[in-house]
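One structure is given below, encoded as structure tokens.
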Amino acid sequence: MGNTPTKLYPEGPTYNDTEFVNDADILNHKNYKNRSKNVSLANTLLNPNSNSMVGENYTNNTRQKQYSIFNKIDRDKDRKKYVKDREKLKEIHARGLVVKYDECCDGGFLAPFGCYNFDKLDYNIDIVRSLIIERKLAPFYTPLQDFDETWSREEIIKIVDGLPLHATFEENLEEFEDVPIGDLKKPNFDYLVDRSLSKREQRRQHAMIFKARLYRKRLIWQETANESFLEDKVDAKKNKIKNRYLPSDDLKYSLYKNGMECPICFLHIPGPLNYSKCCQQPICTECFVQIKRSEPHFPHEEVDPTKPITDDNSKDPNLLISEPSNCPYCATPNFSITYTPPTNRRTGIGGIPPSDYCEVAQNEIQKQEISGQEKENKETLGSPTSISASASPLSSSSSSSSGNKHKDIIISNIITSDDIRPDWEAKLKKERSRLAKRAANATAIHVSNQLVDPEYSLRQNSNTSSPAKYSVRGTNSKTKRKQLSLEELEEQMIKQAIQLSLEDQEKSKKK
Amino acid sequence: MASLPKRIIKETERLVSDPVPGITATPHEDNLRYFQVTIEGPAGSPYENGIFDLELYLPDEYPMEAPKVRFLTKIYHPNIDRLGRICLDILKTNWSPALQIRTVLLSIQALLASPNPNDPLANDVAEDWIKNEQGAKNKAREWTELYAHKKN
Ligand SMILES: [Zn+2]
Ligand SMILES: [Zn+2]
């Protein structure tokens with residue numbers, strides 16, 4: 001598909017535009033794909049960051065003559081640097097999503113197993129990784145597809161031994177079928193771009209190649225991590241050497257024996273899970289990082305069917321909103337979770353080596369550390385009661401053990417969906433100013449088009465005089481945008497181009 | 001296409017092992033994300049005694065995105081347009097990944113029992129419903145008779 005990688009660090013219109021409002025033909029998978037292709041093309045064109053296409057498509061425009069060639073060179077340079085910087089960030093982000101067996105906490109990992117699409121892993125990796133290390137958020141665990149209560153200890157250990165670090169990657173994605181990736185070791189891949197294409201097409205191709213290369217790189221990074229995991233496992237077994245980072249059998253057993261099915265992904269995850277603050281329902285971390293604010297949109301109003309529908313384009317951009325995510329279970333606004341880390345299983349980063357974990361020894365340590373009242377905790381691990389139990393004030397306890405001190409910090413911890421995507425406000429502001437710019441330019445374009453093409457206003461009038469055309473189809477512009485014909489797209493492109501040239505003139509005037 | 005997520009497999013199994021009264025959902029042989037659905041019109045509604053065909057598709061992003069559902073049987077309802085598309089909050093902005101195929105179909109059945117003409121998809125039907133509720137209900141009953149399968 002023609003999606004640019006803007007999805008990772010979304011700035012312009014993002015997948016909100018490709019979201020379908022139960023259209024009739026979405027059920028046909030082929031149409032669904034083709035359509036989203038068109039829409040994402042529109043996204044690229046409408047995205048203010050996709051930059052200039054001035055001078056390529058509309059030789060008719062008189063404004064173009066005022067356009068300085070030097071300006072263009074400068075801007076091309078700026079744009080290239082901007083693209084390079086963004087690509088660098090995306091690569092760092094992708095690296096942070098590699099699961100490594102030696103980056104582990106309490107039997108889980110710092111990166112997700114891969115139940116959800118890479119495109120949707122747009123949370124802040126630094127924040128999530130540190131929350132896991134600080135034991136404020138459950139680690140990402142390798143899930144089991146099924147779990148049978150009757151399994152013996154030996155059976156469980158055998159199954160866990162066969163678990164991969166990451167879900168299998170599809171080797172050949174349809175999306176990247178005909179996309180060349182060149183030599184991955186060389187950072188520059190400009191030579192792969194077809195120079196005979198228009199500048200804009202070249203940029204699209206560049207973005208696509210980058211995406212395909214990044215996918216391939218991720219696959220290689222993860223495979224490398226998988227291989228060292230496997231080799232070290234084999235090594236440890238053959239030579240009977242302890243590898244500190246490999247979990248002991250006790251740890252493997254204890255993890256999955258005390259697991260539960262996450263109500264969102266239906267997978268068996270080692271406990272304790274995170275719990276929703278509002279209604280105490282469990283949620284695994286892989287599902288938690290999927291829950292986020294709505295993309296910026298206009299509020300949905302109940303409409304009076306006897307009155308005409310207001311067009312989104314005529315709405316005040318400041319009315320754009322992005323509501324905080326609701327609890328998936330009880331719909332309480334501003335979804336947040338709490339997490340009580342296991343008291344008997346502090347392994348990996350900030351704990352004992354996973355290879356040293358021994359159920360009996362751990363329990364002994366625990367007995368010495370915790371007060372009598374808290375002992376019940378370990379029996380009810382993973383159940384909602386463990387939260388309320390540990391939430392009782394500890395100040396009365398005179399014990400100065402490190403265990404208690406650690407707990408004190410955890411209790412006050414509530415992680416909201418916004419905490420792991422702190423860029424939401426910037427995104428909303430950007431979308432508002434994008435719409436504002438577009439509205440302002442629409443007027444300018446209307447005027448300039450009238451100058452160039454006397455029939456323009458006639459065509460415009462005939463278009464706008466038939467609002468009924470849309471009224472049956474939907475109540476917002478999302479639906480309309482999907483219906484853009486090629487001509488309309490072309491028109492949007494031109495609008496965009498003029499907008500950019502206007503902005504440029506503004507800039508050069510200021511200088 | 002990537003392998004089917006466990007959640008979809010389990011939901012499908014549970015739909016078979018623990019079916020919802022008045023509702024069926026059968027996955028397509030070639031595409032396990034595509035379901036053929038039937039919903040019985042609720043008793044006491046103008047859709048009573050009719051069985052309606054629907055199709056349901058689970059997009060790649062499911063369950064983070066809502067299933068796509070549409071009526072295949074023609075139906076006279078203010079929240080269902082002539083293409084069968086359904087205006088239901090949980091299929092759009094109020095979707096939650098904790099909802100399931102089962103809960104979606106139950107909500108659609110509930111929508112048949114209590115239409116909401118103030119949030120319409122089919123404007124002409126909604127207008128009709130507000131101005132002349134009895135007349136609209138009669139028409140809905142007529143259409144059920146004409147287009148839906150008969151119960152038994
Ligand atoms: Zn989950
Ligand atoms: Zn809740």
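The values are calculated or read from the model by the stated rules, or taken from the named source; none is laboratory data. The structure displayed is predicted, hence computed values, not measured ones. Cβ atoms come from the backbone with ideal geometry, glycine included; neighbour counts cover every protein chain shown. These area figures cover heavy atoms from the full protein model, side chains too; ligands, DNA and RNA do not enter into them. Shrake-Rupley method; radii C 1.70, N 1.55, O 1.52, S 1.80 Å.
The Cα atoms of the stretch B:101-152 give a gyration tensor whose axes a ≥ b ≥ c have a/c of 1.5 or more with a/b no greater than b/c, which makes the shape oblate.
Are any of the pairs A:Lys292/B:Lys68; A:Lys81/B:Lys92; A:Lys100/B:Lys6; A:Lys430/B:Lys6 more than 28 Å apart by Cα-Cα distance, and if so, which?
As for pairs spanning more than 28 Å Cα to Cα, those are A:Lys81/B:Lys92; A:Lys430/B:Lys6.
Calculate what fraction, in whole %, of the accessible area of the stretch A:122-264 sits on carbon and sulfur atoms when a 1.4 Å probe is rolled over the protein chains.
Values: 4030 of 7810 Å².
That share works out to 52 percent.
In percent, rounded to a whole number, the relative contact order of the stretch A:150-307 is 16, using alpha-carbon pairs under 8 Å and six or more apart. Interface size, chains A and B: roughly 3400 Å² of accessible area buried, both sides included, 1.4 Å probe, rounded to the nearest 100.
Carbon and sulfur: what percent of chain B's accessible surface (1.4 Å probe)? Display every interim value, and only then the final one.
On the way: 3410 of 6970 Å².
The computed percentage sits at 49.
Quick one: if you take sqrt(5λ) for each eigenvalue of the C-alpha gyration tensor of the stretch B:35-129, what semi-axes come out, biggest first, whole angstrom?
21, 15, 12
Backbone phi angles across the stretch B:82-93, fed through the Karplus curve with coefficients 6.51, -1.76 and 1.60 (θ = phi - 60°), yield HN-Hα couplings of 6, 8, x, 6, 10, 9, 9, 4, 5, 8, 10, 5 Hz in residue order; Gly and Pro are listed as x.
The string of couplings for the stretch A:234-249 from the Karplus curve (6.51, -1.76, 1.60, θ = phi - 60°) is 4, 3, 4, 6, 5, 8, 6, 9, 7, 9, 3, 8, 7, x, 6, 4 Hz, one whole number per residue in order, with x for Gly and Pro.
A simple spin-label model places the labels of A:Ser228 and B:Asn152 7.1 nm from each other, with each point 7 Å out along Cα-to-Cβ.
Is the C-alpha gyration tensor of the stretch A:65-168 telling us rounded, prolate or oblate? Criteria: a/c under 1.5 is rounded; beyond that, a/b larger than b/c is prolate, otherwise oblate. Prolate, because a/c is 1.5 or more and a/b exceeds b/c. Note on A:Thr332 and A:Lys158: the model spin-label points, each 7 Å out from Cα along the C-beta direction, lie 4.4 nm apart.
Taken per residue, the accessible surface of chain B reaches 46 Å², heavy atoms only and a 1.4 Å probe. Select from the stretch A:118-138 all residues whose loss of accessible area on going from the chain by itself to the full protein assembly reaches 10 Å² or more (probe 1.4 Å). Hits at the 10 Å² cut-off: A:Lys120. Compactness of the stretch A:200-276 was expressed as the Cα radius of gyration divided by 2.2 N^0.38 Å, which yields 1.73.
Remark: the stretch B:8-17, residue by residue, has Karplus-estimated 3J(HN,Hα) of 5, 4, 5, 4, 4, 4, 6, 5, 7, 6 Hz, where x stands for each Gly or Pro and the curve is 6.51 cos²θ - 1.76 cosθ + 1.60 at θ = phi - 60°.
Considering lysine pairs in the stretch A:212-280 that are 8 or more places apart or on different chains, how many have Cα atoms under 23 Å apart?
On the way: A:Lys233/A:Lys242; A:Lys233/A:Lys252; A:Lys233/A:Lys257; A:Lys237/A:Lys252; A:Lys238/A:Lys252; A:Lys240/A:Lys252; A:Lys242/A:Lys252.
Taking the stretch A:212-280 as the scope, the lysine pair count is 7.
Since only B:Ile75, B:His28, B:Tyr62 are under comparison, the one whose Cα sits farthest along the positive direction of the charge dipole of the stretch B:1-76, derived from C-beta charges on Lys, Arg, Asp and Glu, is B:Tyr62.
Using the heavy atoms of the protein chains and a 1.4 angstrom probe, tell me the accessible area per residue for the stretch A:160-312 in square angstrom. Roughly 51 Å² per residue, with all protein chains present. Each peptide in A:261-272, B:19-30, A:184-195 was scored by the mean count of other Cβ atoms within 10 Å over its residues; highest first, the order is A:261-272, B:19-30, A:184-195.
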